[in-house]
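Below is one structure, written out as structure tokens; the observations come after it.
The values are calculated or read from the model by the stated rules, or taken from the named source; none is laboratory data. As the structure is a computational prediction, the values presented were derived from the model and not from experiment. Ideal geometry is used to build each Cβ from the backbone, glycine not excepted, and the neighbour counts take in all protein chains shown.
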Amino acid sequence: MRDEFWKHYALSELRPQEWEALCDGCGQCCLVRHVNEHQVTVFNIACQLLDIEHSRCSDYHNRLEKVPYCHPLTPASVAQYSWLPESCTYRRIERSEDLPSWHPLLVGSKEQMHTLGITVNRSAVHVQHVPRHERHLHIIKTKTLD
């Protein structure tokens, strides 16, 4: 990877390894959400493929075939996914912001993320453990979209 690539290149100019390294692995984009044109509701319910303990997809390469509501995040699509968390590194870079101070590329591990509660590993439950009629009990955020 190129030195401090996130400072020098647009998302569309990143090499595949650099693109993947930007992901901080918080797991927040793997939480179930309901999106309409005016707001997004986020639940602490994880996609069935999310390894909650490690905040990573357990079948990343096949996720789009296995999970119909999984969205392929690409340099071109980052801006359209306004439901991405404010802390999302892809979103921050797309808006010409710096990496957050706790990002693993800066500090070398996810320990600060765990300490700060940025990863979902403390609060998420798998989708198969929550009946659809109980989802309203798992709302963690509602955000009005611009």
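If you go through the range 99-127 and keep only what is free of Cβ contacts under 8 Å to residues at least 12 places away in the same chain and either under 13 Å from LEU22 (Cβ atoms) or β-branched (Val, Ile, Thr) (or both), you end up with LEU106, VAL107, THR115.
Applying the set (1) in contact (Cβ under 8 Å) with a residue 24 or more places away in the chain; (2) in a loop (DSSP other than H, G, I, E, B) to TRP6 leaves exactly one unmet item: (2).
Within the range 85-128, the set of residues being in contact with a strand residue (DSSP E or B) (Cβ under 8 Å, 6 or more places away or on another chain) and part of a loop (DSSP other than H, G, I, E, B) comprises SER123, ALA124.
Taking (1) at pLDDT 90 or above; (2) farther than 21 Å from LYS110 by Cβ; (3) polar (S, T, N, Q) in turn, GLN17 satisfies each apart from (2). In the set HIS34, HIS61, HIS38, which member is without any contact (Cβ under 8 Å) to a residue 60 or more places away in the chain, surrounded by fewer than 20 Cβ atoms within 10 Å (Cβ to Cβ) and in contact with a strand residue (DSSP E or B) (Cβ under 7 Å, 6 or more places away or on another chain)? After applying the criteria, what remains is HIS34.
Note on the range 9-31: residues that are without any contact (Cβ under 8 Å) to a residue 24 or more places away in the chain, surrounded by 13 or more Cβ atoms within 10 Å (Cβ to Cβ) and assigned to a loop (DSSP other than H, G, I, E, B) total 1. None of GLU94, GLU86 is of a type in the set (D, E, K, R), in contact (Cβ under 8 Å) with a residue 60 or more places away in the chain and within 20 Å of LEU11 (Cβ to Cβ) except GLU94.
Return a yes/no flag: does the range 70-84 have any residue that is assigned to a helix (DSSP H, G or I), under 13 Å from the mean Cα position of the chain (by Cα) and either closer than 25 Å to LYS141 by Cβ or not acidic (Asp, Glu) (or both). Yes: the range 70-84 contains one or more residues that are assigned to a helix (DSSP H, G or I), under 13 Å from the mean Cα position of the chain (by Cα) and either closer than 25 Å to LYS141 by Cβ or not acidic (Asp, Glu) (or both). Might you check whether a residue that is within 17 Å of LYS110 (Cα to Cα) and of a type in the set (Asp, Glu) occurs anywhere in the range 45-63? Within the range 45-63 (the criterion being within 17 Å of LYS110 (Cα to Cα) and of a type in the set (Asp, Glu)), the answer is yes, since at least one residue qualifies.
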